[in-house]
Amino acid sequence: MAKIATVITDMFEDSEYTEPAQAFKDAGHEVITIEKEAGKTVEGKQGQASVTVDKGIGEVSASDYDALFIPGGFSPDQLRADERFVSFAKEFMDAKKPVLAICHGPQLLITAKALEGRKATGYKSIAQDMKYAGANFEDSEVVVCQDQLVTSRQPDDIPAFNRESLRVLEGK
């Protein structure tokens, strides 16, 4: 089963973390949350979820994980201001490890310059940014590129996101 690095901070979209994380755990995968510091509690923007962070970004390496999960909300935009998270995300893309990004999650991949030539989707407000980053943007509930990158647009797409994420994880 996969060991999934999950980058998250305050103002994540509650259901875009809780529902996929639960689906991954139910399938036997390990979900490890990563923020600037271990032990910190981060809050969802809807006030429905809080998460105690497992690891600080300074104590992890992409080589220790099988996949990367980037929930949406305002979290990815905040994380991309820290070069350590940008580099961490880029390492997964460069290594062709599964990257699972929903809603605003692709913002971290935009900053990592990791979307050029890749099929992807994301929340409508970042569609143009994704196109500027060289992504082949598709307005679909889920887009899978090269059986590695799984992206979705919004909370309504979570069932499709979970289905395709689990399928990609199963193959790795």
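The values are calculated or read from the model by the stated rules, or taken from the named source; none is laboratory data. Predicted model only: the values in this text are computed from it and were never measured. Positions of Cβ are generated from backbone atoms using ideal geometry, with glycine treated the same way; all protein chains shown enter the neighbour counts. Protein only, heavy atoms only, side chains kept; ligands, DNA and RNA dropped before computing areas. Shrake-Rupley method; radii C 1.70, N 1.55, O 1.52, S 1.80 Å.
Couple of notes before you dig in:
- Solvent-accessible surface (1.4 angstrom probe) belonging to Glu138, in square angstrom, nearest 10: 60
- Model label points for Glu170 and Ser63, set 7 angstrom from Cα along the Cα-to-Cβ axis, are 3.1 nm apart.
- Note on the chain: lysine pairs with Cα distance below 12 Å, sequence gap of 8 or more or different chains, count 10.
- Residue-averaged 222 nm ellipticity for the chain, from DSSP H runs of 4+ at -39500 (n - 2.57), nearest 500: -9000 deg cm²/dmol
- Of Arg163, Arg118, Arg80, the residue with the largest accessible area leads and the full order is Arg163, Arg80, Arg118 (1.4 Å probe).
- Centroid-to-centroid separation of the stretch 93-139 and the stretch 22-87 [C-alpha atoms, Å]: 18
- Cα-Cα P(r), the chain, percent of pairs per 10 Å interval: 12, 46, 38, 5
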